[in-house]
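Since the structure comes first, as C-alpha cells, the remarks are kept for the end.
The values are calculated or read from the model by the stated rules, or taken from the named source; none is laboratory data. Just so it is clear, the structure is predicted and the values come from calculations on it, not from any experiment. Here the Cβ positions follow ideal geometry from the backbone for every residue, glycine too, while neighbour counts run over all protein chains shown. Accessible surface is based on the protein model in full, side chains and every heavy atom, while ligands, DNA and RNA are left aside. Shrake-Rupley method; radii C 1.70, N 1.55, O 1.52, S 1.80 Å.
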Amino acid sequence: MNTPALRSIDVALGHRSYAVRIGPGLLADSAAWRAAIRGRHVLVISNTTVAPLYLDTVAKGLEGLTWDRFLIEDGEAHKTFDNVGRALAALAKLGATRDACIIALGGGVVGDLAGFTAACWMRGIDFIQLPTTLLAMVDSSVGGKTGVNLPAGKNLVGAFHQPRGVFADIDTLATLPAREYRAGLAEVVKGAAIGDADFFAWLEAHAGALAARDPATVSEAIARKVAYKAGVVARDETEQGERALLNLGHTFGHALETAGRYTALLHGEAVAVGMVLAAQLSQQLGMATLDDTLRLQRLLDMLGLPTDIPEGMDPQQLLALMRLDKKNTAGTLRLILWRGIGRAEIVSGVAEDAVLGVLQAAA
C-alpha cells in the first residue's frame with residue numbers, strides 16, 4: 001500500500017481562514033500544529049479512550065508552555081453542560097488568558113465540546129482540532145460548528161467558532177474500532193449524496209478499499225469530502241442557506257440518536273439511516289426515484305452501515321423530536337431532501353403526515 005502524501009485544504013474565511021492538513025504522522029509533527037498556538041496557556045481536551053493512545057505524543061510538542069489536560073468519558077452522552085463547566089474550571093485553574101488555546105484531541109464529541117468551551121472562555125479563545133476519528137476528520141472538525149446536547153435534543157446549544165487549524169493524522173485510524181470507522185464513512189457518503197454525483201460513483205467503485213482501510217484510498221476520500229465542505233463553509237459560514245444542505249439525513253438522524261439516548265446508534269449510523277429515510281420521503285413526494293434510494297442503500301450496505309430504524313423506536317416520538325430541529329421555521333418542518341444523487345435541496349413546509357408515513361413504514 002502506498003503512503004499517502006500530505007494534503008492541505010484551505011477554508012477561506014478572510015482573516016479567520018485556516019488550513020485542514022491531512023496525512024500520516026501529523027500528531028508527532030508538532031512544528032506544524034504548534035505554530036497555530038499564539039499564547040503560552042494550553043488546555044488539551046480529550047477523552048479516556050484517546051488520551052492513553054496519543055496524549056503523550058501531543059505533550060512532547062507542548063514543552064515550554066503552561067498546559068494541562070481535561071478528560072471526559074467516551075461517547076455522545078458526555079457532550080454536556082456539566083462537562084463544559086468542568087472544562088471552564090480547568091481553564092481558570094490554569095490561569096488561561098485571552099491568548100490561550102484549547103487543543104481538541106479526539107473525535108466529534110471532544111471537538112464539539114472543546115470548540116464550545118473555547119467560544120465561551122473570555123468570549124472566545126483559539127482552539128485547534130486534532131481529530132482522531134474518520135467522522136471528525138471529514139465533518140465535525142471542519143467548519144466551526146460547536147455545541148452540547150440537552151435531554152430535549154442534540155446540539156440545541158452551540159456557537160459558530162472557527163478553529164485555528166485542523167490536523168488530521170490518518171495514522172490514528174489504525175486504532176479506531178471497526179464500528180466507529182464505518183460510522184465515519186457515512187459522512188463521506190453524505191457529502192457525495194448532497195452535491196457530487198461523480199464522487200458518489202467513485203465511492204461505489206472504491207467501496208471495498210474503503211472498507212479495508214486502504215490508506216491511499218481513505219486519504220483521497222477524506223480530502224474530497226473536506227474540499228467539498230470547505231467550499232460550502234466559505235460560501236455560507238453560519239448556515240443561512242447552502243450550508244444547511246450538509247444536514248442531509250441529520251433531522252431524522254438526530255431524532256434517532258436522541259430517542260436512543262445516544263447509545264443505540266453512533267452519529268454516523270444515525271446519519272446513514274437518516275439519509276435513507278430522507279431518500280424515501282423524497283421518493284414519496286415525487287422528487288426522486290426508487291433507483292436512487294436503492295443505490296444509496298447498496299452503497300451503505302457495502303460499507304457496513306445500517307439503513308433501518310432500530311427496533312422498538314416509536315415513529316410518533318421521532319416526529320416530535322424532529323419538530324425541535326434547528327432548521328425548522330414558523331413551526332413547520334424544513335428538511336434536506338433530494339432529487340437524486342448529488343442533487344440535494346432545502347424543502348420547507350413538509351407535511352408531517354408524509355414524514356410520519358415514512359417513519360411508520362420503516363419502523
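Computed values, structure above
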read-out: Out of 50, 42, sole residue that is under 23 Å from the mean Cα position of the chain (by Cα) and either modelled with pLDDT of 95 or more or of a type in the set (D, E, K, R) (or both); value: 50
read-out: Residues satisfying the stated conditions in region 146-198, i.e. polar (S, T, N, Q) and surrounded by 16 or more Cβ atoms within 10 Å (Cβ to Cβ); value: 146, 149, 155, 162, 172
read-out: Pairs where the first residue, in region 146-173, is farther than 25 Å from residue 255 by Cα and in contact (Cβ under 8 Å) with a residue 40 or more places away in the chain and the second is assigned to a loop (DSSP other than H, G, I, E, B) and open to solvent by 20 Å² or more (accessible area, probe 1.4 Å), C-beta under 6 Å, 6+ apart; value: 170/24; 171/24
read-out: Test result for residue 245, touching a strand residue (DSSP E or B) at 6+ places or on another chain (Cβ under 8 Å) and either surrounded by fewer than 22 Cβ atoms within 10 Å (Cβ to Cβ) or not in a helix (DSSP H, G or I) (or both); value: yes
read-out: Failed criterion for residue 289 (all others in (1) among the β-branched types (Val, Ile, Thr); (2) open to solvent by less than 60 Å² (accessible area, probe 1.4 Å); (3) farther than 16 Å from residue 245 by Cβ hold); value: (2)
read-out: Strands (runs of 3 or more DSSP E) wholly inside region 1-100 that include at least 1 residues being aromatic (Phe, Trp, Tyr) and out of contact with any Asp or Glu (no Cβ under 8 Å at 6 or more places or on another chain); value: 66-72
read-out: Of residues in region 326-346 being open to solvent by 70 Å² or more (accessible area, probe 1.4 Å) and at pLDDT below 95, the one farthest from residue 152 (Cα to Cα); value: 330
read-out: Test for residue 213: is it open to solvent by 40 Å² or more (accessible area, probe 1.4 Å), in contact with a Leu (Cβ under 7 Å, 6 or more places away or on another chain) and part of a loop (DSSP other than H, G, I, E, B); value: yes
